[in-house]
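Heads up, the thing below is written out as structure tokens.
The values are calculated or read from the model by the stated rules, or taken from the named source; none is laboratory data. Nothing here was measured: the structure is a model prediction, and the numbers come from that model. Ideal geometry is used to build each Cβ from the backbone, glycine not excepted, and the neighbour counts take in all protein chains shown.
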Amino acid sequence: MKDPKNFRFTRKHISRRRVLQTTAAAAGGFAVAQLGFPAIVRAASDTIRIGHITPRSGFLGTLGDYGFRGVNLAVEELNAAGGILGREVDLFTEDSVGSAVAPTKAQKLIERRKVHFLVGEISSGSAGGVMATANRLKTLYMQSGANSDALRGEKCNPYTFHVEACNTMYTKTIGNWQDRSGNVKGKKFYMLTADYAFGHDLARVSTRFLTERGGTVMANELIATGTPDYSPYILKIRDAKPDFVYINLAGGDQTTFLKQYKEFGLTFRVSGGVMDTAGFWGAGLDSITGYWQSLWYHKMPTESSAVFAKAFRDKYKKPPENQAWGDYTAVKIMAAAMNEAKSTDPAKIIPLLESGMTFDIMKPRLGSFRKWDHSLLQEMFIVKVKDRDQMEDKWDIFEIVEATPGADESLEAIQPTMEENPCNMG
Amino acid sequence: MMLLEQILNGLLVGSYYTLLALGLSIIFSLGGVVNLAHGAFYALGAYLTVVITEKLGFSAAFVLSPVIVGILGVIIEILCIRKLYPKDPTLTLLFTMGLAISAEQAFRLMFGASTLPFSIPEFLGGQIHIGQFIYSNYRLAILAVTTTAIAGLWLLFNKTSFGLILRAGVSDVEMVRAMGINVKPILSTVFAIGVGLAAIAGGMSASLMGVHPAMGNEIITAAFVICVLGGLGSFWGVVLAGMFVGVLKGVTALYFPPAAEGSMYALMVLVLIFKPRGLLGQKFARLE
């Protein structure tokens, strides 16, 4: 045996208790590691500083990565065009991790990095905390990915503007389409809902919409995020025999469900309160079908959309997802508002954004913020999963069927009403 | 009927858990390494399955992926972990934790943060229908692979001279050394087998759960719980605990979904109160 001195086991140190202790410590270490480290793209004292905060790990990590790329591209383009107010733009990014950590990260960006505004988020739970922090520290926040109505309603505040559409908008978009197609009245829906703020809110507004139009919600299963096996729910769906399986799931959970639903070969149609293109890309072409609602799509037939999609694809070798659109658009809107206001002062920018100022949001119609709840008035789209032989590549999964509201309708038509989602800015 | 189906479905999740936890358990039992990077090898197995499938098809990928991961495991064991055996075990723990974090970021850099689409291979698609009863062919294949892996491992450990040395090493590695047996290659082989099992689990899960950078991190906690639950160093304890946890989570989801994720932790607390060494944990002098 070679050099036994160098190959001595110190087994006496490894007690069962020690193993449990060290494993627990390591689990804590992993949690700390998940807090992530801030990425500083550039830094100088006379620059415009943007704080980007979004989940970069966990079941929303895939979407967060698109947001991160979108915001980076926006900053790169702004700097190439002379910055904001003639000043270079610095970007500071943080992984928001979850609702317990996100407010602290937001506070750090505001107090230590002295950012002029925050942008980002996807989780409704985290976004609520970031909004409260931004309000307390009187900092503008462009909320670009969280859907919960409550963020625009009971939790609304003057410093937050919402580029992302809310749950009611997603629900009304697909619901109106399905209703017109005769797929709501008298139909039975089996809901699978993400068990956190976003899912609860979406289930509430979806149930309200479907039942008001004569549909029946047979069951609403609350499912933990990151669930690896959907078979218990799929078996229950099989026995319940619904007309539609209605998913209120987000991010990677959409992917996992769609894959396993396909695996079991059930034929009940699948619809849902929300659709993430990334979730559908991840599920694979043979697991997706039907009509869905979408906030944006990389094949949107507008010039600015094509320019953005090409720039994103050139830089990242894949097309932008809706979340990339959201974070990119949020930064571009704030840049336009600052340039217009010739100031970074929230006291000047808030009234400007509330005044109905319009922005090219890469959709056929221009967008503007609704004054009383700061929700972006914008179109959404009904998309249809393409037949496989019509797809140009693996990203080309949808065909845009129609914009909603229609060209002759008010953009308010899909927004929650003041009665449905009252907001008091205080 | 639904309960029976769910028990069978629970065995599927139990299969991933069991293969992962068996790998963790044998690496710990012989080398004393708490391998926090085990989830990274699981993820690597899944990524390799996706990449190789594109070139050579699923069958080749399913075989090659664990072999490549096993070889990589040996290289890491020889170059890094071996140097840490004589030192405080906390060092191997820190090293493997760093490896896990680095691997996840490497996957993110190489493949992006998005879930890679990967479907069940066509020849394993479809379901078995017996009246109302449905079970997918792919799940059946996973159960067959898991059963074969468990049987193969048991034969290796109990019916070969390698297994004899290994079991002796688990009991008292110093004595094995004193008998003139070189333990180094045994440790390397065990590490390769352990991470190879994780890669098999990763390859099997790719079609059902998607492939993304954090997938290893997400499943590793459950694998540790199963090791503790089954009993550190106990082969059948880990198998029993892995399958039982899979079934428990599935059945809980069927009748009381909010408790599904927490059920295994509740079970662990209960078992540790009444059986501190786990379900089938043996009394090792060096572990007391």
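Miscellaneous remarks
- Hits in region A:176-198 (condition: closer than 19 Å to A:Ile414 by Cα and either aliphatic (A, V, I, L, M) or touching a Leu at 6+ places or on another chain (Cβ under 7 Å) (or both)): A:Val184
- Against the list (1) closer than 25 Å to B:Ile78 by Cβ; (2) more than 10 Å from chain A (Cβ to nearest Cβ); (3) buried (at least 18 other Cβ atoms within 10 Å of the Cβ), the condition B:Val183 fails is (2).
- Among the candidates B:Ala46, B:Ala61, residue that is in a helix (DSSP H, G or I), within 16 Å of the chain's Cα centre (by Cα) and buried (at least 19 other Cβ atoms within 10 Å of the Cβ): B:Ala46
- Subset of region B:103-134 [in contact (Cβ under 8 Å) with a residue 24 or more places away in the chain and polar (S, T, N, Q)]: B:Gln105, B:Ser114, B:Thr115, B:Ser119, B:Gln132
Residues are listed down the side, and each one gets a yes or a no for (1) within 9 Å of chain A (Cβ to nearest Cβ); (2) modelled with pLDDT of 85 or more; (3) surrounded by 14 or more Cβ atoms within 10 Å (Cβ to Cβ):
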{"site": "B:Thr115", "(1), (2), (3)": "yes, no, yes"}
{"site": "B:Glu122", "(1), (2), (3)": "no, yes, no"}
{"site": "B:Ala141", "(1), (2), (3)": "no, yes, yes"}
{"site": "B:Ala144", "(1), (2), (3)": "no, yes, no"}
{"site": "B:Gly169", "(1), (2), (3)": "no, no, yes"}
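For (1) more than 18 Å from the chain's Cα centre (by Cα); (2) not in a helix (DSSP H, G or I), each residue gets a yes or a no:
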{"position": "A:Arg204", "(1), (2)": "yes, no"}
{"position": "A:Pro228", "(1), (2)": "yes, yes"}
{"position": "A:Asp253", "(1), (2)": "no, no"}
{"position": "A:Gln260", "(1), (2)": "yes, no"}
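- Among the residues of region A:220-236, the ones that are closer than 15 Å to A:Phe268 by Cα and either at pLDDT 95 or above or in contact with an Asp or Glu (Cβ under 6 Å, 6 or more places away or on another chain) (or both) come to 2 in all.
- A:Ser305 being surrounded by fewer than 22 Cβ atoms within 10 Å (Cβ to Cβ) and under 26 Å from A:Phe161 (Cβ atoms): yes
- Test: residue in region B:105-112 that is crowded, with 19+ Cβ neighbours inside 10 Å, of a type in the set (Phe, Trp, Tyr) and closer than 24 Å to B:Val74 by Cβ: yes
- Taken over region B:196-221, the residue count meeting the criterion of being under 22 Å from B:Gln105 (Cβ atoms) and under 10 Å from the mean Cα position of the chain (by Cα) is 6.
- Reported count of residues in region A:249-268, each being surrounded by fewer than 23 Cβ atoms within 10 Å (Cβ to Cβ) and in contact (Cβ under 8 Å) with a residue 40 or more places away in the chain, is 1.
- Restricting region A:49-93 to residues that are in a helix (DSSP H, G or I) and of a type in the set (D, E, K, R), the residue that is farthest from B:Glu218 (Cα to Cα): A:Glu77
- Residues (out of contact with any Gly (no Cβ under 8 Å at 6 or more places or on another chain) and either more than 8 Å from chain A (Cβ to nearest Cβ) or hydroxyl-bearing (Ser, Thr, Tyr) (or both)) located in region B:102-113: B:Ser102, B:Gln105, B:Ala106, B:Phe107, B:Leu109, B:Met110, B:Phe111
Per-residue answers, yes or no, for (1) among the β-branched types (Val, Ile, Thr); (2) at pLDDT below 90; (3) under 21 Å from B:Leu4 (Cβ atoms):
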residue: B:Val245; (1), (2), (3): yes, no, yes
residue: B:Val251; (1), (2), (3): yes, no, yes
residue: B:Ala260; (1), (2), (3): no, yes, yes
residue: B:Ser263; (1), (2), (3): no, no, yes
residue: B:Ala266; (1), (2), (3): no, no, no
residue: B:Leu272; (1), (2), (3): no, no, no
residue: B:Gln282; (1), (2), (3): no, yes, no
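- Checking A:Trp395 against (1) crowded, with 20+ Cβ neighbours inside 10 Å; (2) under 19 Å from A:Ala309 (Cβ atoms); (3) not assigned by TED's automatic domain parsing to the domain that holds A:Gly153, the condition it does not meet: (1)
- Here A:Ala165 meets the list (1) surrounded by fewer than 20 Cβ atoms within 10 Å (Cβ to Cβ); (2) under 20 Å from A:Leu411 (Cβ atoms) almost entirely, failing just condition (1).
- Per-region count, region B:194-245, residues within 14 Å of chain A (Cβ to nearest Cβ), of a type in the set (Gly, Ala, Ser) and farther than 22 Å from B:Ile273 by Cβ: 8
- Residues of region A:242-260 that are within 11 Å of chain B (Cβ to nearest Cβ) and either in contact with a strand residue (DSSP E or B) (Cβ under 7 Å, 6 or more places away or on another chain) or of a type outside the set (S, T, N, Q) (or both): A:Gly251, A:Gly252, A:Asp253, A:Gln254, A:Phe257, A:Leu258, A:Lys259.
- Neighbours by Cβ (under 8 Å, 6+ apart or cross-chain): first from region A:287-307, over 26 Å from B:Ser207 (Cα atoms); second of a type in the set (Phe, Trp, Tyr) and surrounded by fewer than 18 Cβ atoms within 10 Å (Cβ to Cβ): A:His298/A:Trp395
- Screening region B:171-180 for residues that are in a helix (DSSP H, G or I) and at the interface with another protein chain (Cβ under 8 Å from one of its Cβ atoms) and picking the one that is modelled with the highest pLDDT gives B:Arg177.
- Only one entry in B:Tyr16, B:Tyr42 is touching a Ser or Thr at 6+ places or on another chain (Cβ under 6 Å), within 14 Å of another protein chain (Cβ to nearest Cβ) and either modelled with pLDDT of 95 or more or over 24 Å from B:Gly169 (Cα atoms) (or both), namely B:Tyr16.
- Looking across region B:252-266 at every residue that is surrounded by 19 or more Cβ atoms within 10 Å (Cβ to Cβ) and part of a helix (DSSP H, G or I), the one that is farthest from the other protein chains (Cβ to nearest Cβ) is identified as B:Met264.
- Considering residues of region B:83-93 that are part of a helix (DSSP H, G or I) and facing chain A (nearest Cβ under 8 Å) only, the residue surrounded by the fewest Cβ atoms within 10 Å (Cβ to Cβ): B:Thr90
- Every condition in (1) in contact (Cβ under 8 Å) with a residue 24 or more places away in the chain; (2) crowded, with 22+ Cβ neighbours inside 10 Å; (3) not hydroxyl-bearing (Ser, Thr, Tyr) holds for B:Met209 except the one numbered (1).
Residue-by-condition table, conditions (1) surrounded by fewer than 14 Cβ atoms within 10 Å (Cβ to Cβ); (2) more than 21 Å from the chain's Cα centre (by Cα); (3) over 30 Å from A:Met131 (Cβ atoms):
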residue	(1), (2), (3)
A:Arg365	no, yes, no
A:Arg370	no, no, no
A:Val385	no, no, yes
A:Gln390	yes, yes, yes
A:Ala407	yes, yes, yes
A:Ser410	yes, yes, no
A:Pro416	no, no, no
A:Asn421	no, no, no
